[in-house]
Structure formats: structure tokens, C-alpha cells
Amino acid sequence: LLFICRRSYYGGNWASFSFSGLLSWIKENQQKTDIGDECEEWRKLILENEEVIPLSKKDKTIQHVEDFCFGNQDSAEDVEEAGALPKLPIFGASAAEGAAQESEKECPPTESAVLQAEGREPEKATGTEPASATEGNDTEITSENESSHSTTLGESAPESGKTEAAPSEISAQEPKKITYSQIVREGRRFNIDLVSKLLYSRGPLIDLLIKSNVSRYAEFKNATRILAFREGKVEQVPCSRADVFNSRQLAMVEKRMLMKFLTFCLDYEQHPDEYQDYENSTFAQFLRTQKLTPSLQHFILHSIAMVSETDCSTLEGLQATKKFLQCLGRYGNTPFLFPLYGQGEIPQCFCRMCAVFGGVYCLRHSVQCLVVDKESGRCKAIVDHFGQRISANYFIVEDSYLSENICRNVSYRQISRAVLITDQSVLNTDSEQQVSILTVPPVDLGKPAVCVIELCSSTMTCMKDTYLVHLTCPSTKTAREDLEPVVQKLFNLNTETGKNETDNEELEKPRVLWAVYFNMRDSSGVDKKSYEGLPSNVYVCSGPDSALGNDCAVKQAETIFQEMFPAEEFCPAPPNPEDIIYDEDEIAPEESGFSNSPDTKPEPSTEESSTGGSTAVNKED
């Protein structure tokens with residue numbers, strides 16, 4: 001397997017970045033400079049019975065990138081970590097305009113995960129959370145007895161020996177003032193995902209990680225809270241049996257109503273008479289017939305099923321609710337896991353496993369075209385920007401590499417994304433180390449709900465005393481137009497504490513220190529037949545979709561694999577590398593200079609890394 005990517009970092013739109021790395025990515029996507037035509041000497045490599053399919057030379061999947069600094073604006077000239085640092089403008093001006101002198105490339109924070117996977121302890125750095133901060137919430141996925149996880153993971157963190165503060169003391173505590181130079185100085189503490197997702201504990205990705213043994217390269221933290229936004233306030237949603245009966249926000253009658261309905265949802269297929277009259281109705285309409293209070297309907301619709309109020313059918317809503325409930329208790333008190341160091345770690349784990357068994361990875365390596373045989377109509381090779389011709393049997397190309405001529409009949413959806421750095425949680429409790437998911441219902445019918453994921457510093461995605469907040473929804477306008485109204489509801493956007501603030505509710509909101517908005521192409525629903533003129537042995541993979549989980553990516557990967565190798569098992573458990581015996585011809589270096597040594601490991605990228613979003617070719621023997 002040869003994996004070629006034109007970018008300088010692994011992962012494409014699945015990547016994770018440090019703070020300075022993200023600033024470089026922002027600058028790159030705001031400039032959008034055209035790439036001029038290079039020397040076309042490579043055309044001499046094309047034979048008379050061959051034709052070429054040119055590939056796109058630039059990525060057009062990211063649009064409308066806007067970033068802002070809301071925090072204390074101080075001088076960052078003497079900060080050493082990022083070298084010549086940009087000074088961000090305050091709200092109203094693009095923060096990346098000051099990033100022309102952006103820093104040297106950084107070592108990815110995933111180095112710590114690599115060291116742990118190899119049995120070595122990573123170096124302790126000042127400012128990081130102590131190990132005890134993550135005890136009881138970190139999950140190492142194995143295929144052994146699952147019941148042990150439910151008793152030890154996701155539940156013990158609030159009882160870890162810390163002195164718990166009273167609620168009145170919590171509200172009175174002033175969050176520490178974080179300056180821009182502090183964020184830059186601690187830039188390597190940030191692992192900021194371009195796409196925000198969580199892993200369902202009984203979802204296909206978890207099953208794949210266990211089956212393929214890729215899980216040994218990663219660590220996970222259990223999402224600790226499911227939140228709801230109702231009547232202008234954020235509150236915690238009871239979802240497990242224990243949560244329901246311990247909840248103080250539900251009356252006893254409501255607890256019984258909720259438990260009865262959730263029990264029905266777990267085996268709703270056995271009771272078709274309960275819902276078959278509402279199969280043509282929306283799930284919201286069905287909930288109104290189930291003797292549930294408005295607050296319970298809100299919790300189930302937006303925080304448990306997490307579906308649209310207007311577009312989701314009754315069956316789809318019941319299926320989503322059942323999926324949520326089935327995932328409870330496997331690794332913790334909620335259905336979700338989050339990978340330490342960010343979502344970008346997951347593709348990197350697969351990358352590492354592939355490289356161990358001979359996969360070759362080339363970054364900063366562009367592809368000019370696909371070479372197609374006129375007689376058979378099959379793709380024979382690619383030509384790279386060096387003029388090298390590389391032959392293969394199968395070609396997997398990410399959608400962003402395809403030219404406008406190929407995609408002229410393709411209708412793309414868009415995803416609106418926002419990433420915020422804040423000074424406190426949207427819902428303060430006696431524990432600061434919370435991983436929360438919140439669904440904000442749309443203000444107007446027909447508009448999409450917004451999924452909010454808030455990460456604490458123990459996820460290794462942000463510096464101490466800050467939170468990293470991801471907002472995602474299907475696009476209707478630009479990302480800022482879609483998401484800024486939600487940001488204004490949940491957060492304080494004033495650049496200086498106390499300035500123009502007379503409302504106590506505004507003062508209590510978390511303050512946004514820095515933010516970026518952007519739109520990302522969603523090509524997940526495009527049928528291969530929509531692409532014009534692609535040979536049968538060229539397969540197209542999409543970028544991220546807007547869903548919370550990774551089901552679409554796993555299904556697409558398995559479908560492509562089965563089309564290429566119908567008799568082979570998808571991602572089987574790998575043998576131990578030391579047990580593999582290679583022929584001399586297999587381990588000899590190839591003339592092209594690419595090494596297929598079984599000990600080959602992926603070089604760490606200059607940014608936070610992952611592996612999606614690039615062109616991959618399966619080399620011929």
C-alpha cells in the first residue's frame with residue numbers, strides 16, 4: 001500500500017492541530033492562492049493507447065474561514081514556544097491576518113500517545129493535568145470482559161479525593177484571566193480537531209478498533225455529561241437508570257414516565273401496536289402521544305435521540321433512542337467515548353498499524369493525473385509532481401482531488417463548524433474535568449439543531465484553566481451566520497470582563513477567548529455514479545459528515561474494501577509482526593526508493609496528525 005498526500009500533515013479534514021498549527025491552516029485557507037501550471041514534462045510518459053484524467057491541484061473543501069480573538073490582547077513578542085508570533089486583532093478583525101510570521105512547525109502532541117503505546121512514559125510537562133485528573137475516566141478499549149469497564153470507568157472521577165466545593169462557592173469563584181500570549185505559549189497543549197465527533201461505545205468504530213487490535217495505540221476518555229438547553233438555561237439530562245432516580249430536576253411521576261418510555265424503546269420492535277399508527281408521523285408528534293411532559297419530550301428528542309424535530313420519522317427516532325440506550329454502561333455512565341489528544345488520533349492509529357505491516361506514507365507529494373488505458377477503460381497508473389509514473393491495480397481517491405469536470409453533476413452539502421477556547425464550562429459543577437455534549441434546538445422550524453461538544457484539559461486537547469468547545473451543524477448559510485446565534489446564547493463575547501455588562505446572566509456565562517468559524521464540504525452522500533468518467537477500479541472516499549458518530553466512514557471503508565477484495569475479511573486481527581516471515585524479494589528496497597520494511601513506522605507530521613483525506617494506491621507486486 002502506498003499512501004500519497006499533497007498536504008504537509010496527515011489527515012486532511014480529519015486532522016488535529018496545535019494552536020499555532022491551526023493558525024497556519026487558517027491562513028492557508030483564507031488566502032486560497034491559485035497554483036500555477038507546473039512543467040508538464042510528465043505528459044511524455046503517456047502512451048498513445050492511454051489517456052489522462054487530470055486531478056485538482058488545490059483543496060476547495062474549506063470555505064468562509066473567520067477567526068477572532070476575544071481574550072485579553074497583550075504582547076506576545078517574547079513568547080518562545082511559537083517563535084515570531086502573530087498578534088491577533090480583537091473581535092471584528094480576522095485573527096489570521098496577523099499570522100504572517102507564523103511559527104516553525106511543531107512536534108505533534110500525539111508523541112505522548114506513541115510513547116505510551118511503546119511502553120515508555122511520556123515526559124511530564126509543566127501545566128498539564130496530573131495523572132490523577134484522568135483516573136477513573138480514561139478508557140483503554142479491549143475485547144475482554146466488558147462489565148469491568150462499567151464499574152470503574154466514567155463514574156469515579158468526581159469522587160477522586162478532591163475537596164468538593166459547595167455550589168455557592170463555585171458560582172462565586174472568578175475564572176482565571178487567560179491572555180492570548182498564554183494560549184500561544186501553551187499552544188502544544190491544544191489538539192484542535194477540524195471535525196468534531198464522539199465514539200458510540202457499541203458503535204461500528206469501537207468494534208473495528210477491538211477486532212483489528214488498533215485500539216492498543218489509543219486511549220479514551222468517557223463523556224461524562226449529556227446536557228440540554230431549555231428555556232434559556234443549560235441543565236444536565238438524566239439518561240441512565242441511576243441518573244433518572246437520582247435526579248432532582250424530575251418529579252417522581254416524571255421519573256416513572258421516563259423509565260417506562262425508555263424501557264419500551266429498548267424493545268420497541270416487539271410492540272408494533274404502540275407505534276405503527278404513527279409510522280408516517282414525526283418522532284416529535286409521536287412523543288406528544290406518549291403521556292410525557294414537555295420537559296421529558298425535550299430531553300428525549302434533543303439529548304437522547306438527538307434527532308430533528310421536523311424531519312425525523314417515528315421509526316428513525318425509536319432507532320436512535322435504542323442505539324443511545326444500548327451504548328449506556330459499556331465503558332461508563334454515558335454512551336460516548338472521546339480519544340485522548342483528539343479525534344485525529346483515530347486515523348493515525350490505523351496509519352501506524354498499516355505502516356508496521358509495510359504501508360508507505362508520503363506527505364507533500366502531489367498527484368498530477370490518473371492514467372487510463374483506452375481499450376480496457378481501467379486506470380493503470382498515476383503520475384506524481386516529480387514526473388514519476390506509479391502503477392497499481394486499485395486507486396482510492398479522496399473527493400477533494402477530483403476536478404470540476406468530474407464533479408460537474410455532484411451536489412454537495414456543507415457543514416458549519418466553530419471552535420472556541422473558553423475560560424469555564426457551560427455548566428459549572430464540583431468537578432472541572434467534564435466532557436459534555438449538548439444539543440441546542442433550532443430557534444426556527446426547519447433550521448438544524450447545533451451539536452456542542454465541550455472538552456476539558458484532561459482530554460489533552462487544551463491547556464489548563466480553559467475549555468475547547470466544538471459546534472457543528474448542517475449548513476444553511478456561512479458557518480458564522482449559522483453558529484454565532486448559538487454562541488451568543490451560551491457564551492459571553494465581550495472582549496473585556498465587565499465592559500458593557502449589566503446583566504448578571506451575561507456575567508455568569510463562560511467567556512470566549514478565541515474562536516474560528518468555517519464551512520466544510522460534506523461529500524458523504526454522493527453516489528459514485530455521480531462522478532463522470534471515473535474508471536471502475538478508481539474508488540472515491542468522502543470527507544467527514546455532519547453526524548455525531550463515525551458510522552458513515554466505517555461503512556464506506558468496508559464497502560470499498562469488499563468491492564476490491566470480495567473474498568477477504570475486512571480489518572482482521574493482525575498477526576504479531578515478529579511472527580511474520582518475509583521473502584527476500586519482499587524486504588529488499590525498491591528501486592523507487594520507497595521502503596516496504598515491516599519495521600517501517602509513519603513519520604510524525606509537522607502538525608497534529610491523522611490519516612484520512614488523501615490519495616492511496618495499492619501497489620502491484
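What the table below lists for this structure:
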read-out: Inter-label distance, nm, simple model (7 Å from Cα along the C-beta direction), N280/S530; value: 2.9
read-out: At R0 = 30 Å, FRET efficiency that the Cβ-Cβ distance of F565 and E375 yields, to 0.05; value: 0.75
read-out: Over region 244-327, relative contact order from alpha-carbon pairs under 8 Å, at least 6 apart, %; value: 34
read-out: Per-residue ³J(HN,Hα) for region 57-70, Karplus 6.51 cos²θ - 1.76 cosθ + 1.60, θ = phi - 60°, Hz, x for Gly and Pro; value: 9, 9, 8, 10, 7, 10, 9, 6, 7, 9, 10, 9, 10, 10
read-out: Distance violations [Cα-Cα > 32 Å] among K177/K221; K57/K489; K197/K509; K27/K380; K177/K322; value: K57/K489; K27/K380; K177/K322
read-out: Heavy atoms of K380: accessible area, 1.4 Å probe, square angstrom to 10; value: 70
read-out: Peptides ranked, highest mean first, by Cβ atoms within 10 Å: ranges 244-250, 548-554; value: 548-554, 244-250
read-out: Förster-model FRET efficiency, 30 Å R0, T293 and L507, C-beta, rounded to 0.05; value: 0.40
read-out: With DNA, RNA and ligands ignored, accessible area of R185 (1.4 Å probe; Å², nearest 10); value: 110
read-out: Cα gyration tensor category, rounded, prolate or oblate, for region 244-327 with a/c compared to 1.5; value: prolate
read-out: D273 paired with L493, simple spin-label distance in nm, labels 7 Å along Cα-to-beta-carbon; value: 5.4
read-out: Dipole of region 244-327, positive end: most advanced residue of T293, S247, C327 [Cβ charges, Cα centre]; value: S247
read-out: Per-residue ³J(HN,Hα) for region 281-291, Karplus 6.51 cos²θ - 1.76 cosθ + 1.60, θ = phi - 60°, Hz, x for Gly and Pro; value: 9, 7, 5, 4, 5, 4, 4, 5, 8, 9, 6
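The values are calculated or read from the model by the stated rules, or taken from the named source; none is laboratory data. Predicted, not measured: the structure shown is a model, and the values here were computed from it. Because the Cβ atoms are built from the backbone with ideal geometry, glycine has one as well, and the counts that use them run over all protein chains shown. Heavy atoms of the whole protein, side chains included, go into the accessibility calculation; ligands, DNA and RNA do not. Shrake-Rupley method; radii C 1.70, N 1.55, O 1.52, S 1.80 Å.
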